[in-house]
Ligand code: SF4
């Protein structure tokens, strides 16, 4: 991923607010850790690799419950079909109600 282009060398300070990696930090990394990253970036105290490692650690922590749920569902394909059926049934009810409104509005 492209980072702040000012950080050509590990010793070049950067500006996290101009870096797409830091945008992801804002979404997944707690404020205190994010402030450390921003400081490290601006002072060249950390490299982009260190910065991305912190991001990945928090991103994986966020995604692990999703992956866990997926693994559980993979072991129970029947449950997946039940979920599909429930969604299908809900969607059909909504579509029927919408079509009833449309027919009503058109005077059918
Ligand atoms: S240290 Fe992080 S925020 Fe700073 S330029 Fe590198 S990847 Fe971007």
Scanning the stretch 3-24 residue by residue, those in a helix (DSSP H, G or I), in contact with a helix residue (DSSP H, G or I) (Cβ under 6 Å, 6 or more places away or on another chain) and more than 7 Å from the ligand (Cβ to nearest atom) turn out to be 24
The correct count of residues that are under 23 Å from the mean Cα position of the chain (by Cα) and either in a loop (DSSP other than H, G, I, E, B) or more than 13 Å from the ligand (Cβ to nearest atom) (or both) in the stretch 31-57 is 3
Checked pairs for the stretch 1-26, first at pLDDT 95 or above, second more than 9 Å from the ligand (Cβ to nearest atom) and part of a helix (DSSP H, G or I), C-beta under 6 Å and 6 or more apart or across chains, list as 25/34
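The values are calculated or read from the model by the stated rules, or taken from the named source; none is laboratory data. The structure presented is a predicted model; accordingly, all values stated were derived computationally and were not measured. Cβ coordinates were reconstructed from backbone atoms using ideal geometry, including for glycine residues, and neighbour counts include every protein chain displayed.
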